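Notes to accompany the following structure.
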Amino acid sequence: MTTMESLIGLVNRIQRACTVLGDFGGADGGPTLPTLWEELPSVAVVGGQSSGKSSVLESIVGRDFLPRGSGIVTRRPLVLQLHKTEEGRQEYAEFLHLPRRRFTDFALVRKEIQDETDRMTGKTKQISPVPIHLSIYSPNVVNLTLIDLPGLTKVAVEGQPDTIVEDIDNMVRSYVEKPNCIILAISPANQDIATSDAMKLAREVDPTGERTFGVLTKLDLMDQGTNALDVLEGRSFRLQQPWVGIVNRSQADINRNVDMIAARRKEREYFATSPDYAHLADKMGSEYLAKLLSRHLESVIRARIPGITSLINKTIDELESEMEHLGRPVAVDSGAQLYTILELCRAFDRIFKEHLDGGRPGGDRIYRIFDNQLPAALRKLPFDRHLSLQNVKKVVSEADGYQPHLIAPEQGYRRLIEGALNYFRGPTEATTDAVHHVLKELVRKSVGETEELRRFPTLQAELAAAAYEALERFREDSRKTALRLVDMEASYLTVEFFRKLPQEVEKGGNPAASTIDRYSEGHFRRIGSNVSSYIGMVSETLKNSIPKSAVYCQVREAKRSLLDHFYTQVGKKEGKELAKLLDEDPSLMEHRQQCAKKLELYRAAREEIDSVSWSR
Ligand code: GDP
Ligand code: MG
């Protein structure tokens with residue numbers, strides 16, 4: 001094989017791989033990104049219905065495998081890739097929609113094309129733009145990608161929608177307007193070239209004629225006494241590429257099963273013995289057309305090598321960073337798996353701590369609880385109601401019992417204070433809960449932000465569950481500790497405070513007057529206000545100590561030992577369970593495999609292209 005042959009083969013292989021990997025930038029919808037496929041040249045056959053398109057393709061391939069005949073036969077685009085194999089190898093065909101099934105009987109290939117067409121369109125005369133992909137591997141073909149398209153028509157026939165003429169036109173156009181598309185414009189010689197649909201469309205999309213090959217079929221069907229020399233010698237229609245005349249099998253030949261070898265021989269004889277075309281015989285016929293195309297393709301590819309190389313390099317870069325992002329496949333031995341799991345946990349832990357310590361947002365919300373929510377909740381406690389004159393009287397009298405207090409209502413004070421302290425339980429628990437929710441939210445966030453974890457949904461879920469469980473334990477501990485602070489306030493009152501209270505008894509000298517005073521409103525109001533300032537003092541203390549206990553029990557613990565339990569559990573796991581933790585998202589695994597395949601392909605392509613460009 002020459003280097004050029006191998007290069008075209010390579011282009012073909014890349015195109016095939018692009019197709020298999022779904023990178024096909026064809027007319028089947030979807031965003032048509034400038035994929036490698038589009039950077040690579042291909043050959044599309046265009047022409048009016050029954051002009052002989054499928055017949056030309058077949059003779060280029062040298063095999064009978066396409067449905068042919070009158071009326072609309074080709075109803076979906078057929079992307080046909082020819083791969084030259086080594087001499088002596090068996091020929092076979094393969095469809096993209098039937099991977100791993102090798103067709104060696106080409107009659108079955110034809111049947112499958114028909115069936116696959118019907119699968120999409122039903123047994124109708126309708127068309128579909130979804131291409132059928134077929135590869136042929138043979139020592140007898142040249143490396144080429146050919147696209148067979150439905151024939152251009154002028155009117156809808158029975159069973160076709162009114163838009164069919166336009167639909168076909170659009171579909172064909174979507175292929176041939178790509179600058180990398182080489183147009184094989186087929187016109188039948190038994191019609192006036194001025195009416196050729198193929199030439200009309202080719203003119204429009206390739207005005208300079210640099211990528212259009214004019215092919216004249218049915219030379220054998222021309223009226224006696226006429227010839228097509230004006231066209232074949234370029235006088236009727238100027239193109240930059242030479243015109244090629246073809247004689248395909250007639251419908252009668254097809255019906256008689258005239259084989260390809262006989263058909264080619266007949267075509268050669270036709271030109272060699274034709275009084276009109278004998279002087280052009282070595283530049284006519286399907287074999288010549290195949291060589292011409294292959295040669296043209298070579299020059300196109302040569303010119304495109306820099307573009308292709310840079311696209312390949314760019315794609316490799318993209319794929320490499322994608323692979324980086326997707327991560328390496330998971331190790332198989334359990335030691336390495338355990339190591340991976342711990343690494344992942346640590347990565348999560350780092351991010352979680354950054355949220356708390358700053359660097360990432362969220363930790364500040366805990367301070368806001370202490371600075372804002374807690375004081376506000378404390379302020380809102382209903383001490384006014386609790387220390388209303390009425391309630392003070394009631395509590396104090398009840399505490400006194402049948403014997404009213406003589407000097408100060410010791411019991412009354414205690415009960416009023418205990419009652420008030422009870423109110424602190426609410427904000428205390430609310431603070432613990434609020435801190436808990438912030439921590440939980442930060443765990444959730446951190447799990448999401450740990451890039452490395454993204455591949456492992458199982459580990460993600462289990463790690464999060466373990467962290468939530470730990471936070472739950474910390475909350476319980478924190479709740480108990482904080483409530484204990486409140487209880488402590490209730491169990492021993494600050495003596496100092498009461499000692500400093502002004503003694504109301506020794507005011508006047510009259511004990512009787514002061515006795516009366518003791519049961520007046522002023523007396524109870526004073527008690528209320530004393531209790532209120534005591535509670536105020538306690539509130540100040542708790543405002544400071546509740547945050548301390550929440551940080552000590554929840555935040556500090558979360559930083560220190562959030563995953564401790566999880567580590568112990570993981571450490572006890574056996575090989576299989578460890579592997580399970582590292583189960584990956586199946587779609588991601590698939591994606592990585594695809595990526596790896598593409599990368600391999602593109603790297604091989606780069607190497608081959610490099611070697612070809614150097615050997616020039
Ligand atoms: P398509 O619709 O353009 O794909 O055309 P086909 O390849 O299906 O051919 C349409 C009909 O024209 C078939 O019956 C072919 O046998 C016949 N045909 C095509 N090319 C030639 C030719 O060069 N000579 C003769 N005699 N018949 C041809
Ligand atoms: Mg056809």
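His83 exposes around 10 Å² of accessible area when a 1.4 Å probe is run over every protein chain in place. Residues within the reach of a label modelled at Gln251 (point 7 angstrom out along Cα to beta-carbon, backbone nitrogen below 13 Å), restricted to segment 50-84, are 50-52, 68-73. Each principal axis of the Cα cloud of the chain was evaluated for its coordinate range; sorted largest first, these ranges are 154, 56, 39 Å. Shown for the chain: the carbon plus sulfur share of the solvent-accessible area, taken with all protein chains present and a 1.4 angstrom probe, equals 51%.
Accessible area per residue for segment 256-299 is 58 Å², calculated with a 1.4 Å probe on protein heavy atoms, without ligands, DNA or RNA.
What is the extension gain from Ala579 to His565, computed as 0.36 nm multiplied by their sequence separation minus the C-alpha to C-alpha distance, in nm to one decimal? All intermediate terms of the calculation are to be shown ahead of the outcome.
Numbers: separation 14, 0.36 × 14 = 5.04 nm, distance 1.92 nm.
Length gained, Ala579 through His565: 3.1 nm.
Projecting label points 7 angstrom from Cα along Cα→Cβ for Ser334 and Glu600 puts them 3.1 nm apart.
Indicate the gyration tensor shape class of segment 156-266 (rounded, prolate or oblate), computed on the Cα atoms with a ≥ b ≥ c the square roots of the eigenvalues: a/c under 1.5 is rounded; otherwise a/b larger than b/c is prolate and the rest oblate. Oblate shape, in that a/c is at least 1.5 and b/c is the bigger or equal ratio.
Which links in Lys291/Lys314; Lys353/Lys573; Lys314/Lys445; Lys314/Lys597; Lys111/Lys178; Lys111/Lys218 stretch past 23 Å when you go from one Cα to the other?
Details: Lys291/Lys314 33 Å; Lys353/Lys573 26 Å; Lys314/Lys445 34 Å; Lys314/Lys597 16 Å; Lys111/Lys178 30 Å; Lys111/Lys218 25 Å.
Where the Cα-Cα span goes over 23 Å, the pairs concerned are Lys291/Lys314; Lys353/Lys573; Lys314/Lys445; Lys111/Lys178; Lys111/Lys218.
Taking a sphere under 9 Å around the Cβ of Val247 and counting the other residues whose Cβ falls inside, with K and R at +1 and D and E at -1, yields a net charge of +1. Value of Rg to Rh for segment 156-214, rounded to two decimals, is 1.02; Kirkwood radius and Rg both from alpha-carbon coordinates. Taken per residue, the accessible surface of segment 145-237 reaches 45 Å², heavy atoms only and a 1.4 Å probe. Computed from backbone phi with θ = phi - 60° and the Karplus coefficients 6.51, -1.76 and 1.60, the 3J(HN,Hα) list for segment 227-237 is 9, 10, 4, 4, 6, 5, 8, x, 7, 6, 9 Hz; x is used for glycine and proline.
Assuming R0 = 45 Å, can you tell me the calculated FRET efficiency for the pair Gln224 and His97, based on Cβ-Cβ distance, to the nearest 0.05? Walk me through the intermediate numbers first.
Working: r = 47 Å, r/R0 = 1.04.
Step by step, r from the Cβ atoms, then E = 0.45.
The length gained on full extension between Arg350 and Gln114, counted as 0.36 nm times the residue separation minus their Cα-Cα distance, comes to 78.9 nm. Multiplying the residue separation of Arg425 and Val165 by 0.36 nm and subtracting their alpha-carbon distance yields 85.5 nm. Label positions at Leu292 and Ala490, each projected 7 Å from the Cα along the C-beta direction, are separated by 10.4 nm.
With all protein chains kept in place, the per residue accessible area of segment 311-424 amounts to 59 square angstrom at a probe of 1.4 angstrom.
Rg to Rh for segment 356-429: what is it, with Cα atoms only and Rh by Kirkwood?
On the way: Rg = 19.0 Å, Rh = 14.9 Å.
We get a ratio of 1.27 for segment 356-429.
Extending 7 Å from the Cα toward the beta-carbon at both Asp371 and Leu389 defines two label points whose distance is 4.2 nm. Each residue of segment 361-370 was assigned a 3J(HN,Hα) from its phi angle through the Karplus expression (A = 6.51, B = -1.76, C = 1.60, θ = phi - 60°), giving x, x, x, 4, 5, 5, 4, 4, 4, 5 Hz with x at Gly and Pro.
The values are calculated or read from the model by the stated rules, or taken from the named source; none is laboratory data. This structure is a prediction, so every number in the text was calculated from the model and none was measured. So basically every Cβ, Gly included, is an ideal-geometry build from the backbone, and we count neighbours across all protein chains shown. To get the accessible areas, we keep the full protein, side chains included, count just its heavy atoms, and leave off ligands, DNA and RNA. Shrake-Rupley method; radii C 1.70, N 1.55, O 1.52, S 1.80 Å.
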